[in-house]
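First the structure, in the form of structure tokens, and then the observations on it.
The values are calculated or read from the model by the stated rules, or taken from the named source; none is laboratory data. The structure presented is a predicted model; accordingly, all values stated were derived computationally and were not measured. FYI the Cβ positions are ideal-geometry reconstructions off the backbone, even for glycines, and counts take in every protein chain you see. Remember, those area values only see protein heavy atoms, side chains included, never the ligands or the DNA or RNA. Shrake-Rupley method; radii C 1.70, N 1.55, O 1.52, S 1.80 Å.
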Amino acid sequence: MTLEKTPMPSKIIEKKLPQIVIYLNALTTSIALAIYAYFGLFSRLMGDDYCHHYLVKNKSFFDAVQHHYLTFSNRYMILAIPYLTEKFGPRGQSFLPAITIILWLIALYWLIKELHIAFKTEWNKPTLFLLSSLLIFLTILQAPARFQSIYWEASSINRLVPLVLAIFLFASLLRHIRKETQRYSWSLFYFIITFLIGGFDEMNDTFIFAISFLVFLGIFFWMSRGEKRISALWLTGSIFIASLLSMLVMVVAPHNSARITHPPSFFVFLERILTYPKNFILDSTLTVFPLPTALSLFVAFLIFFLFYSSKRKSPKYTWTIFLSTPLIFYALLMVNFAPSAYAQAYPADRALFGARFLMTLMLFLESALFAFLLPPIKSKYPRCILLFFLAIFSLYPLRAAWQTLNTVESYRQRSIAWDLRDDKIRSDVANGERDIHVQEFDSIHIIKELDSEPNHWVNRCAAYYYGANTISADLNYEKYFGLSVPSELAQVLLRIELLWPQSNEPKNSAALVNALASALQIIFYRTAVELQQPLPSGDPKKNALSKVRDARLQLNEESELPVSIVSVKQSNLESALYGNYVTLGANYLAMVILLPDEILTYISSQANNSLMVVAKVIELRGHGNKSSARVLNEIGNLQDLKVLKESCYQIIKLLLGL
């Protein structure tokens, strides 16, 4: 009888642990990308979006493109995306960021897979996915103007969208070179597709031009002679020529004369394209994103050194590629910055998105080459230490995702307020009004919003888009409070004003109470964070009751905290005391506990019923799912709802003044 040999646990761990680490990093990076995609659901039309959507809504697509090209912009293809998103209604563009990020991941995975096949590497599918997702995650994380480049449609359609399309283009090119397809028909196909993609943005078109030129040279000098080489040259050459034609069409656009009033001299232009890449590299690596840059190098090095350095085939030209890659990268940046250097000086932050992606790609490539130049580790203990560091890195995408999630609420509130304002404008126009007055939003990320001047270009484009004569906006709530209102609170107050009924039937009673609760919670949270004193010892609820009694705030008939307040979960209260945004009741009690006694006494002197107002709002709101009829029935009538609103506003104004 023979006994089967059982693998030692250490051998199993040594074999399985690397796979687990790869899957772990792929999972956490995917979570971060999912959060970035989710964030886009709260984007809405802003600034130039109104102009683009007005054109595609009121003209045929080709008439809109012609009008846009002749009178406004040389980018002859950017209206294609607004034309598609407008088909899905006023909120259609909110799905664009998520769709684009998903397509970006698919395109990059395909491109890396084609490179993997072309160079006969031993990368497995999880590694291909991890590399793709990491490149996208680190690019988004370090994007100089992330919101504009990804979440603002007017900018993403000439930054992110053409980048994704270009990656699809080159992935497809590599596949057809490998498959040796019909050269003439596919050359025509690539010519047309490249011309269309190039029309989204001149800076992206320069990337296509430069990269296709490098690929053409590589095929010409290093690919074996034969039919396959001739087909590859035809395909690549068609992309190169189409990118040149696309650039020519953008150069001769009539509106360029208005954009470029003082072209630089040749030497000024030369100085710019030589120095701008240096400025970008130094700013993005040493000044703005030193940690993500270091991590980009480190994580790519770990992946290739741990999993593939021992399997390398010792390429003859590894050192040559390693040393020449930075030079090629710098040359690509020079070509990419050329349009801005000629037209407007240094590129705007959002225009650096493509350069940021290229730099992240270059850092990954350099790290991989450096890993191949080092001798592999044979001892298992150093490998385990490096695997541990790679596993620790998986927390970094989660950290970035958590930071993004913490900002979602303010954008969600803004999107709700925007939807209400959009509905109001459409309703007013449908009822025959032509001069529309609405609540103003705070501009975000340096993107112009509607303001009080109806003749401003954003207001005019919005008026054309909605079918009105004029649209103007102002901040009524700031006039009411007489104080500057934080942006997050401002969006909720704006929602309240838009929801406030104009008739005798408060159809939006439940939503109004929910909005009032949100506004109160925001101000309680901010007040506690800004004015807090050291956390007292003892039972938090007993401390709160003691402080309320000392300040002589109004209590219930039994001189106790109202049931809706005292029933706050202990865990929520403790979380709020440590500076977290939890629930209305928890954040109110935390504010009471953390505020100095003299401030709480002052609040009592100005708004003695504030505790009972908060309790009433919590009772009315319930779990946030009551019907408007039930809310109205519980509060009494519209006048009672108005009194509650004014009481909440009084509390907010008082705390803002602190």
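Taking a threshold of 20 Å on the Cα-Cα distance, which of the pairs K113/K179; K541/K642; K616/K645; K541/K569; K616/K642 fall above it? Numbers along the way, then the final one.
Numbers: K113/K179 14 Å; K541/K642 31 Å; K616/K645 11 Å; K541/K569 10 Å; K616/K642 13 Å.
As for pairs spanning more than 20 Å Cα to Cα, those are K541/K642.
Between 0 and 90 degrees, the angle of helix 9-39 with respect to the longest Cα principal axis of the chain falls at about 60 degrees. Modelled label positions at S487 and S546, each set 7 Å beyond Cα in the direction of Cβ, lie 4.1 nm from each other. For the pair D283 and I102, label points projected 7 Å from Cα toward Cβ lie 3.4 nm apart. Note on region 77-133: Cα-only Rg and Dmax are 16.0, 48 Å.
Computed over the Cα atoms of region 531-658, what is the convex hull's projected area averaged over all directions, in nm²? Before the final figure, lay out each step's value.
On the way: hull surface 32.1 nm².
Spelled out: convex hull of the Cα atoms, projected over all directions, averaged, 8.0 nm².
Note that region 159-311 shows a convex hull volume over its alpha carbon atoms of 174 Å³ per residue.
Accessible surface for H456 stands near 50 Å², nearest 10, in the context of the full protein assembly shown (1.4 Å probe). When you restrict to C-alpha pairs under 8 Å that are six or more residues apart and normalise by the size of region 164-266, the relative contact order lands at 37 percent. The mean of 1/r over all distinct Cα pairs in region 234-323, once inverted, gives the Kirkwood hydrodynamic radius of 18.3 Å.
Set the bar at 20 Å for Cα to Cα. Now go through K16/K125; K125/K378; K59/K87; K15/K125 and name every pair that lies beyond it. It would help to have the intermediate numbers written out before the result.
On the way: K16/K125 16 Å; K125/K378 25 Å; K59/K87 13 Å; K15/K125 17 Å.
Listed pairs above 20 Å: K125/K378.
Using equal-weight Cα scatterers in the Debye expression, the normalised intensity of region 376-495 in log10 at q = 0.09, 0.13, 0.15, 0.22 Å⁻¹ is -0.42, -0.63, -0.76, -1.23. Across region 293-384, Cα-Cα pairs farther apart than 15 Å form 66% of the total. In terms of overall dimensions, region 120-232 has a Cα radius of gyration and Dmax of 16.4, 48 angstrom. Taken per residue, the accessible surface of region 164-314 reaches 50 Å², heavy atoms only and a 1.4 Å probe.
Would you work out what percent of the accessible area of the chain, with all protein chains in place, is carbon or sulfur (probe 1.4 Å)?
On the way: 19280 of 31090 Å².
Carbon plus sulfur share of accessible area: 62 percent.
The slack in the chain from L27 to I117, taken as 0.36 nm per residue of separation less the alpha-carbon distance, amounts to 29.9 nm. Of all aspartates and glutamates in the structure, the ones whose alpha carbon falls short of 15 Å from that of K547, not counting any fewer than 8 places away in one chain, are D539, E560, D597, E598. Put simply, the amide H of A473, placed in the peptide plane, has neighbours under 5 Å in V438, D451, S452, E453, leaving out anything fewer than 5 places away on its chain.
How long is the gain from K57 to L654 if the chain were fully straight, where each residue apart is worth 0.36 nm and the alpha carbon distance is subtracted? Mind dumping the intermediate values first?
Numbers: separation 597, 0.36 × 597 = 214.92 nm, distance 4.58 nm.
Gain in length upon complete extension: 210.3 nm.
Shown in residue order for region 188-201 are the 3J(HN,Hα) couplings computed by the Karplus curve 6.51 cos²θ - 1.76 cosθ + 1.60 at θ = phi - 60°: 5, 4, 5, 4, 5, 4, 5, 4, 5, 5, x, x, 7, 5 Hz (x for Gly and Pro).
Residues T194, T601, sorted by accessible area with the largest first, give T601, T194 [1.4 Å probe; ligands and nucleic acids excluded].
Sketch the reach of a paramagnetic label on L270 as a point 7 Å from Cα along Cα-to-Cβ, and name the residues of region 318-359 whose backbone nitrogen lies under 19 Å away. What the label zone holds, given the 19 Å backbone N cut-off, is 331-343, 345.
Heavy-atom accessible surface of W123, to the nearest 10 Å², is about 50 Å², with a 1.4 Å probe and all protein chains retained. The aspartates and glutamates whose alpha-carbon is closer than 12 Å to the alpha-carbon of K120, local same-chain residues fewer than 8 away aside, do not include any residue. The label point for F322 and the one for S379, both projected 7 Å from the Cα toward the Cβ, are 2.2 nm apart. Scalar couplings 3J(HN,Hα) for region 46-57, obtained by applying the Karplus form with A = 6.51, B = -1.76, C = 1.60 to θ = phi - 60°, are 8, x, 4, 3, 4, 5, 5, 6, 4, 5, 6, 7 Hz; x denotes Gly and Pro. Solvent-free Debye calculation, one equal scatterer per alpha-carbon of the chain: log10 I(q)/I(0) at 0.07 Å⁻¹ equals -0.61. Of all aspartates and glutamates in the structure, the ones whose alpha carbon falls short of 16 Å from that of K278, not counting any fewer than 8 places away in one chain, are D349. Using a 4.7 Å Cβ-Cβ cutoff, the cysteines of the chain lacking any partner cysteine are C384, C648.
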